[in-house]
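I have placed the structure first, in the form of structure tokens, so that the comments after it can refer back to it.
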Amino acid sequence: MAGLRPTSSSSSSSSSFTSYPASLSTQNFIYRLLLLLTLLPLSLALFAFFLQWRGGFNDPMTRWSPDRHEFPGMKSASALRRDKASGGCATDVLGRSTSMVFPYYRELKFNYNESNLRPKVCITTSTSAGLEQIVPWIFYHKVVGITNFYLFVEGKAASTSVSKMLEAIPGVKVIYRTRELEEQQAKSRIWNETWLSSFFYKPCNYELFVKQSLNMEMAIVMARNAGMDWIFHLDTDELLHPAGTREYSVRELLSDIPTDVDMVVFPNYESSVEQDDIKEPFSEVSMFKKNYDHLPRETYFGNYREATRGNPNYFLTYGNGKSAARIQDHLRPNGAHRWHNYMKTPNEVKLDEAAVLHYTYSKFSDLTSRRDRCGCKPTKDDVKRCFMLEFDRAAFIIASTATEEEMLHWYQEHVVWMNKDLKLKLLRKGILTRIYTPMVIIQGLKESGVFSSVIASGQEAVSKGNSSSIENKSAGEVNRGKISSRKIGGSQEFHATARRILDIEELESHTPAVPPLSPPTLDDFSWTECSSFQDQLFLWLHIIIADYKRC
């Protein structure tokens, strides 16, 4: 037995020596396999790069670019030279940049005239803006489902370089403020009615309000002839925000409205700019102040003074939103913010999520541009007959009397949100909110070349000629043939006579026009509206604490 032990030990030692080379060879195989798996992808990547560099391989991503040698959104050197040669600020503002972006809208045709798209929604506006504002405004609304646009243009918007480009956009109808248009509107039944009469024969904002109402009346007829189902009135510094819809679509939103509803009210949110050098508000502004209708009562009044920041009201300008009307018999405007019906009181609903985004005073230059459009004296008494809202009056006086440095200081203090702590607090409270969707859509349209293609097609239309029709519609001709809306109907006695005859009946039968209204103030708050004594006490203490911190 003892003699067997060495034999067992030697055999065990021999087997361990034979297994060692086997394990070593296995490890060598694994190392080689890993090395092969590492080098193979690198070799393939280098090979692909070499082929593409030599031009022998067609990368699918290059198919997105018409220049075939640039990343999506970038321009070729020849295209850049063409843009530089064409000149014009609109090309600089609306053209594609050299940054990379995926071209979501490259193949989008924006053709919404198919009969199967329902409901058909249109917008009417009265504008004197330039291409850099109107073109993004139009195509953004095309993306969210608007089919037709009725643009009543004057000033810069009526110039040949702007109007011909707008006319080249499918679904856009441009109406010029000519003498013939003024004479046609002078025969409108509106002048014989009382619901708008308190705005007649007054300058500036009142005159604009009357023009907008007369234009809305004509747009209703155009929209009905075109088979539209709904009509909005918006300014070109306002964007629809169809929040709450799956497809971010105005058409989807309105398709869910019950058939017995005549008017849909969109509460407005107001832009809250964070710097004083904004150039393109639609692409640069993402912070908005929410409407009173979309906030809890306690939150609104409890943070009112902090949100107002020493300005006359919670919003700088209006706070009563805009509305869409169902196209039907006897429809009429009721001022720029609402619609009405000659035969009934419209059944209206107010939306809980969707809104109108109002980019008001979003550029420092807005101070002087508003001043230049109005010839009133910069006194507290005279501005009351020119402007309806307190902030507009204060802004006009500053723009008319202060130096540019003083204007900038006033603008930073009253418009720009420079206090980061206050901004963060109101964002947490829900007073302020971030909305990025319009910014993303408009930036995507710009980077994909949609705007620059509009500029190119408009320039081609101008170059083709039609000089006689163009000259008749040019800004100079429009201005020479223009009649102030304050004078329309003033030379005909029957207007005043008819107004006196209809005075008693119409004051009872017609709702007065809805002007731009400021949001509720602390003076409008009723303590009895709080659900309990605890709510009243909490809100009272909240206001006192806010006032103490502010002091």
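The values are calculated or read from the model by the stated rules, or taken from the named source; none is laboratory data. Here the structure is a predicted model, which is why all the values come from computation and not from measurement. Neighbour counts are summed over all protein chains in view; Cβ atoms, including those assigned to glycine, are modelled from backbone coordinates with ideal geometry. When the accessible area is computed, the model is the full protein with side chains, heavy atoms only, and any ligands, DNA or RNA have been set aside. Shrake-Rupley method; radii C 1.70, N 1.55, O 1.52, S 1.80 Å.
Taking the conditions exactly as written (free of Cβ contacts under 8 Å to residues at least 12 places away in the same chain and of a type outside the set (Lys, Arg)), does Thr433 satisfy them or not?
When the stated conditions are applied, Thr433 does not pass them.
Is there any pair linking a residue in region 299-311 that is within 17 Å of Ser271 (Cα to Cα) and without any contact (Cβ under 8 Å) to a residue 60 or more places away in the chain to one that is in a loop (DSSP other than H, G, I, E, B) and of a type outside the set (A, V, I, L, M, F, W, C), with Cβ under 7 Å and at least six apart or on different chains, and which?
Thr308/Tyr314
Is there any pair with a first residue in region 264-289 that is of a type in the set (Ser, Thr, Tyr) and a second that is open to solvent by 20 Å² or more (accessible area, probe 1.4 Å) whose Cβ atoms are under 6 Å apart and which are 6 or more apart or on different chains, and what are they?
Tyr269/Lys290; Ser283/Met439; Ser283/Gln443; Ser286/Arg434; Ser286/Tyr436; Ser286/Met439
Yes or no, residue by residue, for (1) under 23 Å from Trp417 (Cβ atoms); (2) in contact with a His (Cβ under 7 Å, 6 or more places away or on another chain); (3) modelled with pLDDT under 95; (4) surrounded by fewer than 20 Cβ atoms within 10 Å (Cβ to Cβ):
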| position | (1), (2), (3), (4) |
| --- | --- |
| Gly335 | no, no, no, no |
| Trp339 | no, no, no, no |
| Val349 | no, no, no, yes |
| Leu357 | yes, yes, no, no |
| Tyr361 | yes, no, no, no |
| Arg370 | yes, no, yes, yes |
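Quick one: is Glu207 open to solvent by 10 Å² or more (accessible area, probe 1.4 Å), of a type in the set (Asp, Glu), in contact with a strand residue (DSSP E or B) (Cβ under 7 Å, 6 or more places away or on another chain) and not in a strand (DSSP E or B)?
Answer is no for this residue.
Yes or no, residue by residue, for (1) open to solvent by less than 40 Å² (accessible area, probe 1.4 Å); (2) assigned to a strand (DSSP E or B); (3) on the phi < 0 side of the Ramachandran plot; (4) without any contact (Cβ under 8 Å) to a residue 40 or more places away in the chain:
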| site | (1), (2), (3), (4) |
| --- | --- |
| Phe152 | yes, yes, yes, no |
| Lys173 | no, yes, yes, no |
| Glu183 | no, no, yes, no |
| Trp191 | yes, no, yes, no |
| Trp195 | yes, no, yes, no |
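Could you please find all residues in region 409-421 being surrounded by 16 or more Cβ atoms within 10 Å (Cβ to Cβ) and assigned to a helix (DSSP H, G or I)?
Trp410, Tyr411, His414 - these are the residues of region 409-421 that are surrounded by 16 or more Cβ atoms within 10 Å (Cβ to Cβ) and assigned to a helix (DSSP H, G or I).
Just a yes or no: is a residue in region 377-384 in a loop (DSSP other than H, G, I, E, B), open to solvent by 50 Å² or more (accessible area, probe 1.4 Å), farther than 17 Å from Ser286 by Cα and among the β-branched types (Val, Ile, Thr)?
Yes, because at least one residue in region 377-384 is in a loop (DSSP other than H, G, I, E, B), open to solvent by 50 Å² or more (accessible area, probe 1.4 Å), farther than 17 Å from Ser286 by Cα and among the β-branched types (Val, Ile, Thr).
Quickly run through region 364-375 and pick out the residues that are in contact (Cβ under 8 Å) with a residue 24 or more places away in the chain and either in contact with a Phe, Trp or Tyr (Cβ under 7 Å, 6 or more places away or on another chain) or among the polar types (S, T, N, Q) (or both).
Phe364, Leu367, Thr368, Arg370, Arg371, Cys374
Take the conditions assigned to a strand (DSSP E or B) and either open to solvent by less than 10 Å² (accessible area, probe 1.4 Å) or at pLDDT 95 or above (or both) and apply them to Ile123. Does it pass?
yes
Do the conditions hold for Thr236, that is, is it in contact with a Phe, Trp or Tyr (Cβ under 9 Å, 6 or more places away or on another chain), surrounded by fewer than 22 Cβ atoms within 10 Å (Cβ to Cβ) and of a type in the set (Ser, Thr, Tyr)?
yes
Can we say Glu471 is modelled with pLDDT under 50, loosely packed, with under 15 Cβ neighbours inside 10 Å and touching a helix residue (DSSP H, G or I) at 6+ places or on another chain (Cβ under 7 Å)?
Taking the combined requirement at face value, the residue satisfies it.
Just a yes or no: is a residue in region 292-314 of a type outside the set (Asp, Glu) and within 17 Å of the chain's Cα centre (by Cα)?
No: region 292-314 contains no residue that is of a type outside the set (Asp, Glu) and within 17 Å of the chain's Cα centre (by Cα).
Give the residue, chosen from Leu389, Leu367, that is under 26 Å from Ala219 (Cβ atoms) and not polar (S, T, N, Q).
Unique residue meeting the criteria: Leu389.
When you scan region 212-318 for strands (runs of 3 or more DSSP E) that lie fully inside it, which ones turn up with 2 or more residues that are in contact with a Gly (Cβ under 9 Å, 6 or more places away or on another chain)?
Once the strands (runs of 3 or more DSSP E) in region 212-318 are filtered for at least 2 residues that are in contact with a Gly (Cβ under 9 Å, 6 or more places away or on another chain), what remains is 263-266, 268-271.
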